[in-house]
Amino acid sequence: MDIIHCDLDAFYASVEQRDNPQLRGKPVIVGALPGQRGVVSTCSYEAREYGIHSAMPINQAYRLCPQAIFLPPRMEHYQKVSRQVFSIFEDFTPIWEALSIDEAFLDVSGCHRLFGSSRHIASLIRSRVLDETGLTISVGIGPNKFLAKLATNMAKPDGMMEFTSTMISTVLPGLPVTCLWGIGEKTAGRLRQLGIDTVGSLFFIPRSKLTDVFGSNTDFYLDLARGIDRRPVVSGTNIKSISNETTFGNDLADPSLIRSAIMELSHKVGLRLRREGLKARTIMLKLRTSDFKTLHRRQTMDSPTETDLEIFTTAYNMYDHSGLKKVPLRLVGVGLSGLTCEGLEQPALFNNTDGKIDHLLDNLQLRFEGAVITRAVRLKSPETDKP
Ligand code: TTP
Ligand code: MG
């Protein structure tokens, strides 16, 4: 029981309620404002009672609870609070890994002589976070990352839970498949069509059917369903890089298809970057040819960026000069490093059209699950329209 997962409760909304006592006990929604086209970033637990949740269109939230208090996010402020909470983790173990702005894993296997049992460490963390920041944090304890995070979700809000080894056989099989890492509603829908709704039911259908859904991750998911997760906690004081890659079903040689893939990946990493309230100094491109040779290229920008267009233009330019144009590729990846939160609230950002478009597209993407909205440039061919 050596992994601890910590996640602040209703983070942005709790910070607002902490800073303004008049908001306490009331439904508070942080995100776009009513009348705007945007979504809920998060909301207080009082607002959740009305069925409101993250990523819901703001006007739907308004219809459900017009008396709620709607506030725009203050990213730089939340970043500061996040750093304050992360520095508390640092006092317990050097091995901790930030997962997002308000959650982290701690490997406490070497800390018991100093701080006692995992349960004791978890309660020390909870009381220090409350004393020093005025915020509640939920904590899960488990033998691995997956079960520790699952325990946190079961303990929320303002709770603590240990997912014991016994619970792997008594509780895990009966939980819905959406409790597995990374399984969202879309995948859950495909699994439901196969008659799978609980973790335990994964073992009652042929593996080939699971492979249709999980592809090369089938073993990873079957392990999770058995309560096994071998991923280590990777130390780091913060998110160091963001990357995403695509392995094509068939190797691709057509530059316009590669270009679309680079555009799609640039958008995915850009979305994550903005979600974390960060900017990137370095853009990375990874190309793998059909004979498994891998080429890495990186370019550092004069000033950090957060726009999809700049990420894409830089990544595509590296592809253009890679010498691999028209060479069949099996994999393309786009990555960002040199991450920083500097200058995020400078006025330039808000005067910057690309930045505004990206924020708008992020909101629409959440609203329509990414199916409909895209930059027109993604649809054009490289020969007719270079970015
Ligand atoms: P979460 O930890 O997922 O949510 P939360 O802290 O608001 O609530 P809880 O953990 O108690 O369920 O995300 C942390 C912050 O990230 C959240 O306060 C706002 C931001 N966020 C978004 O901006 N958009 C999203 O879709 C989500 C899920 C979170
Ligand atoms: Mg949280």
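Apply the Karplus parameterisation 6.51 cos²θ - 1.76 cosθ + 1.60, with θ equal to phi minus 60°, to every residue of the range 252-263 and state each ³J(HN,Hα) to the nearest whole Hz, in sequence, with x for glycine and proline.
In residue order, the calculated couplings are 10, 10, 6, x, 6, 6, 4, 4, 4, 5, 5, 5 Hz.
What does the charge count near residue 137 come to, summing +1 for each Lys or Arg and -1 for each Asp or Glu among other residues with Cβ under 13 Å from its Cβ?
-3
For the chain, what does the helix formula give at 222 nm: sum of -39500 (n - 2.57) over DSSP H segments with n ≥ 4, over the residue count, nearest 500 deg cm²/dmol?
After summing the helix terms and dividing by the residues of the chain, the value is -12000 deg cm²/dmol.
Sorted from largest down, what three extents in whole angstroms do the Cα atoms of the range 1-117 have along their principal axes?
54, 25, 25
Using packing as a proxy for protection, rank 147-155, 270-278 so that the peptide with the highest average count of other Cβ atoms within 10 Å comes first.
Final packing ranking: 147-155, 270-278.
What size of dipole, in debye to the nearest 20, comes out for the range 273-313 about its Cα centre when the only charges are +1 on Lys and Arg C-beta atoms and -1 on Asp and Glu C-beta atoms?
200
In nanometres, what is the gap between the two model label sites at residue 166 and residue 337, each 7 Å from Cα along Cα-to-Cβ?
Going from the residue 166 label point to the residue 337 one covers 4.7 nm.
Would you kindly derive the ³J(HN,Hα) couplings of the range 87-94 from the backbone phi angles with the Karplus curve 6.51 cos²θ - 1.76 cosθ + 1.60 (θ = phi - 60°), listing them in order in whole Hz, with x for Gly and Pro?
Result, rounded to whole Hz: 6, 5, 4, 4, 6, 9, 8, x.
Pairs of alpha-carbon atoms within less than 8 angstrom and 6+ residues apart define the contacts here; what relative contact order does the range 113-270 have, in percent?
Over the range 113-270, the number comes to 15 percent.
Sequence gap at least 6, Cα distance under 8 Å: using those rules, report the relative contact order of the chain to the nearest whole percent. Could the numbers behind the result be given before it?
Values: 684 pairs, mean separation 58.7, N = 387.
Relative contact order of the chain: 15 percent.
Kindly identify the range 209-312 as rounded, prolate or oblate by the Cα gyration tensor criterion: order the square roots of the eigenvalues as a ≥ b ≥ c, call it rounded if a/c is under 1.5, otherwise compare a/b with b/c, prolate if a/b is larger, else oblate.
The shape class here is oblate.
With each label point set 7 Å from Cα along the Cα-Cβ vector, what nm distance links residue 207 and residue 231?
A separation of 2.3 nm, rounded to one decimal place.
Is the shape of the range 113-157 best called rounded, prolate or oblate, per the rule: a/c under 1.5 gives rounded, else a/b larger than b/c gives prolate, else oblate, with a ≥ b ≥ c the square roots of the Cα gyration tensor eigenvalues?
Cα axes put the range 113-157 in the oblate bin.
Taking the beta-carbon count within 10 Å as an exposure proxy, list 41, 123 from fewest neighbours to most.
Listing 41, 123 from fewest to most nearby Cβ atoms yields 123, 41.
Determine the dipole magnitude for the range 220-310: charges of +1 sit on the beta-carbon of Lys and Arg, -1 on that of Asp and Glu, nothing else is charged, the reference point is the Cα centre, and the result goes in debye to the nearest 20.
The dipole of the range 220-310 has a size of about 340 debye.
Over the Cα atoms of the range 54-122, what radius of gyration and what Dmax do you get, in Å?
According to the Cα coordinates of the range 54-122, Rg and Dmax are 17.9, 53 Å.
Where in the range 2-42 are there trypsin sites (Lys or Arg not before Pro) that are in a DSSP coil and have at most 12 other Cβ atoms within 10 angstrom of their Cβ?
Those that pass, being in a loop and sparsely packed, are 37.
Once amide H atoms are built 1.01 Å from N in the peptide plane, which residues 5 or more positions from residue 339, or in another chain, come under 5 Å H to H?
The answer is 281.
Got a sec to turn the phi values of the range 118-125 into Karplus ³J(HN,Hα) couplings, 6.51 cos²θ - 1.76 cosθ + 1.60 with θ = phi - 60°, whole Hz, x for Gly and Pro?
So the J values, rounded to whole Hz, are 4, 4, 5, 4, 4, 6, 4, 4.
What is the gain in length, in nm to one decimal, between residue 87 and residue 175 on full extension, counting 0.36 nm per residue of separation less the C-alpha to C-alpha distance? Mind dumping the intermediate values first?
On the way: separation 88, 0.36 × 88 = 31.68 nm, distance 3.37 nm.
Between residue 87 and residue 175, full extension yields 28.3 nm more.
Amide H neighbours of residue 194 under 5 Å, counting only residues 5+ apart in sequence or on other chains, H built in-plane at 1.01 Å?
none
Using alpha-carbon pairs under 8 Å, 6+ residues apart, how would you state the relative contact order of the range 68-129 in percent?
26
Need the full-extension length gain, residue 320 to residue 299, defined as separation in residues times 0.36 nm minus the C-alpha distance. One decimal, nm.
My answer for the length gained is 6.2 nm.
Would you calculate the convex hull of the Cα atoms in the chain and tell me its volume per residue in Å³?
On the way: hull volume 61.6 nm³, N = 387.
Expressed per residue, the convex hull around the Cα atoms of the chain is 159 Å³.
Suppose every K and R has +1 on its Cβ and every D and E has -1 on its Cβ; what is the size of the dipole of the chain about the Cα centre, in Debye to the nearest 20? Mind showing how you got there, number by number?
Values: 46 positive and 43 negative charges, 143 e Å.
It works out to roughly 680 debye.
Report the Cα centroid-to-centroid distance between the range 148-173 and the range 190-263 in angstrom, as an integer.
23
Return the long-range amide H neighbours of residue 31 (sequence gap of 5 or more, or a different chain), with a cut-off of under 5 Å between placed amide H atoms.
So residue 31 has HN proximity to 41, 71.
Please sort 164-171, 94-101 by packing, taking for each peptide the average over its residues of neighbouring beta carbons within 10 angstrom, highest first.
94-101, 164-171
Every number in this text was worked out from the coordinates using simple rules, so none of it is lab data. Small disclaimer: the values here were computed from a predicted structure and weren't measured. So basically every Cβ, Gly included, is an ideal-geometry build from the backbone, and we count neighbours across all protein chains shown.
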